[in-house]
Amino acid sequence: MVFSELIASLWTQLLVLLRPMLKWILRKVTGKCQLLRITYEEQPGSKQTKRIEKSLRESKSSALKELSRGDRVDVDEAVKNVIHQKDIVVDIHTKFEETLRRCLTYISGFNNLEALVEGHRKVKYSTANPEHEAKLLKLWELYKPGTKLQSRQCAQWGELGFQGNDPATDFRGMGMLGLDQLLYFAEKYGDEALNALSKSSHPKHGFSFAIVGINITELQYTLMTKRKLRTHFYNLHNPRPSMDAYHEVYCYLMSEFTKFWFKEKPKDIMEFSRIREKFRRHIISLLKDPKTTLKTDFQQQ
Amino acid sequence: MGLLALLRKLKSSPDKELRILLLGLDNAGKTTLLKQLASEDVSHITPTQGFNIKSVQSSGFKLNVWDIGGQRRIRPYWKNYFENTDLLIYVIDSADRKRLEETGEELRELLEEEKLAGVPVMIFANKQDLVNACAAHEIAEGLNLNSIRDREWRIQPCSAISGEGVRDGIEWVIKTCNSKKK
């Protein structure tokens, strides 16, 4: 075990050492730098953007490295600099400029979205904030149309799948992101959201809708910070996704998770960790296909 | 097998395993405590639906810690995890004064469980970092802990989020299990 790990680690070390040499040889043989080669080898799509991103990230130049992580990149300026730095003759390599511009827009757009998401997550739910409280009451109205909430703190919240009498303590590390996502689902796809809530309410085989919703917020958040969601966002039409585009993925995950849960035929709620993990692996396997976008029937506009 | 693995095998005897059950009301801080024990990031916690389990190495012991969700709906399932428990860790949100009575009631019921008879209990008076937290001795009085005579017990003030007090508590856990297992 240890020995094979040692070999694997040595091999990676070797690759790191050999990489510049290999790049240099390829550059001499093909007459093209790596970025340029990628624009010839790949068609537009998530795979091309990811390869460009990787090449930038592993670049020796700190300016190029920065382009892979920046969330407010001046794309026009960056394209000009890369062409200059890499001595690319745009009259010969006619697709290069356009391809690089597109990839950089997607990369910067994704990084910007990640920063936005983190901003929302970091805002803790506060009972002292009237805006937060209003959102919470709105959540009740959307998921329980026609049923009056007896008081702000009461056992009725359990019907929505919160843990106790005050939902405020359930948002925890996901902050306002958790509440915003539950709200978005019901606001945008009311039928689908109410359907998921009603299915989840099965007394024996169901789950606690709201806290599972917050768990799914965490699942999506982790996929985002581990950059697994790039496949989806690099395949979208709009290279600068908004929070709404992020919440759309959440609606997909909530609806898919509900189906997945019942397909697994759980004995009871104690199987949640197992099924959640299986679901997470399933989503990751989908994201390995470069053509994937996470969308379902009710989201096709 | 590589030389390194061989050496490692000669050096250490297999760790003694302990089964530890982590219980308490919802929002008491069980999962945060679990993550703190495993030296993991505590800033992305969500409510536990079902349970979490982690194995943590500590002073020659392998602690298998079962963190079971604390919401009312899940509490009936706690009993499914009692078997072979070496030690119970009970976590209390010291700032949740409204539910001190409820948490005391749940603890009392646990201590009456046959399958947990004689199992030592470590009570973490968590969230001491909050200004309105009850002191550990107040909780001990309120819950009448001094009446526990059928097992070893201890109350430890802590802040699972900052980690303060956690190490002291775990040292007691290991010491107590160690003397029991010999």
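Note on region A:121-167: among residues that are β-branched (Val, Ile, Thr) and in contact (Cβ under 8 Å) with a residue 24 or more places away in the chain, the one that is least open to solvent (accessible area, probe 1.4 Å) is A:123. Among the residues of region B:154-182, write down those that are polar (S, T, N, Q) and open to solvent by 20 Å² or more (accessible area, probe 1.4 Å). Once the filter is applied, which keeps residues that are polar (S, T, N, Q) and open to solvent by 20 Å² or more (accessible area, probe 1.4 Å), region B:154-182 yields B:162, B:178, B:179. The residues of region A:265-278 that are open to solvent by 10 Å² or more (accessible area, probe 1.4 Å) and part of a helix (DSSP H, G or I), listed by number, are A:270, A:271, A:273, A:274, A:276, A:277, A:278.
Residues to consider are A:79, A:73; find the one that is among the aliphatic types (A, V, I, L, M), outside the structural domain of residue A:238 (by TED's automatic domain parsing), surrounded by 16 or more Cβ atoms within 10 Å (Cβ to Cβ) and in contact with an Asp or Glu (Cβ under 7 Å, 6 or more places away or on another chain). Result: A:79 is the single residue among A:79, A:73 that is among the aliphatic types (A, V, I, L, M), outside the structural domain of residue A:238 (by TED's automatic domain parsing), surrounded by 16 or more Cβ atoms within 10 Å (Cβ to Cβ) and in contact with an Asp or Glu (Cβ under 7 Å, 6 or more places away or on another chain).
Just one of the listed residues (B:18, B:34, B:25) is under 23 Å from residue B:82 (Cβ atoms), crowded, with 17+ Cβ neighbours inside 10 Å and more than 14 Å from chain A (Cβ to nearest Cβ), namely B:18.
Restricting attention to region A:9-31, does a residue exist that is among the basic types (Lys, Arg), loosely packed, with under 12 Cβ neighbours inside 10 Å, away from every other protein chain (no Cβ under 14 Å) and not in a helix (DSSP H, G or I)? Scanning region A:9-31, I find no residue that is among the basic types (Lys, Arg), loosely packed, with under 12 Cβ neighbours inside 10 Å, away from every other protein chain (no Cβ under 14 Å) and not in a helix (DSSP H, G or I), so the answer is no.
Taken as a whole, the condition of being farther than 24 Å from residue A:242 by Cβ and over 20 Å from the mean Cα position of the chain (by Cα) does not apply to residue A:75. If only residues of region B:51-80 that are within 11 Å of chain A (Cβ to nearest Cβ), part of a strand (DSSP E or B) and not aromatic (Phe, Trp, Tyr) are counted, the one that is surrounded by the fewest Cβ atoms within 10 Å (Cβ to Cβ) is B:53. Going by what's in this entry, would residue A:149 be described as of a type outside the set (Val, Ile, Thr), part of a helix (DSSP H, G or I) and modelled with pLDDT of 95 or more? Taking the combined requirement at face value, the residue does not satisfy it.
A search for C-beta distances below 7 Å between a residue of region A:195-206 that is closer than 19 Å to residue A:142 by Cβ and any residue that is assigned to a helix (DSSP H, G or I) and hydroxyl-bearing (Ser, Thr, Tyr), counting only pairs 6+ apart in sequence or on different chains, returns A:196/A:255; A:196/A:258; A:197/A:143; A:199/A:258; A:200/A:258. Within region A:51-85, the set of residues being within 22 Å of residue A:234 (Cβ to Cβ), assigned to a loop (DSSP other than H, G, I, E, B) and touching a residue at least 40 places away in the same chain (Cβ under 8 Å) comprises A:70, A:71, A:72.
In this structure, is residue A:125 in the same structural domain as residue A:43 (by TED's automatic domain parsing), at pLDDT 95 or above, in contact with a Leu (Cβ under 9 Å, 6 or more places away or on another chain) and not aliphatic (A, V, I, L, M)?
Working: in the same structural domain as residue A:43 (by TED's automatic domain parsing): no; at pLDDT 95 or above: yes; in contact with a Leu (Cβ under 9 Å, 6 or more places away or on another chain): yes; not aliphatic (A, V, I, L, M): yes.
Answer is no for this residue.
Take the conditions (1) open to solvent by less than 70 Å² (accessible area, probe 1.4 Å); (2) closer than 23 Å to residue A:198 by Cβ; residue A:287 misses just one of them, which is (2).
The values are calculated or read from the model by the stated rules, or taken from the named source; none is laboratory data. Here the structure is a predicted model, which means the values were calculated and not measured. Virtual Cβ from ideal backbone geometry, glycine too; neighbours counted across all protein chains shown. Protein only, heavy atoms only, side chains kept; ligands, DNA and RNA dropped before computing areas. Shrake-Rupley method; radii C 1.70, N 1.55, O 1.52, S 1.80 Å.
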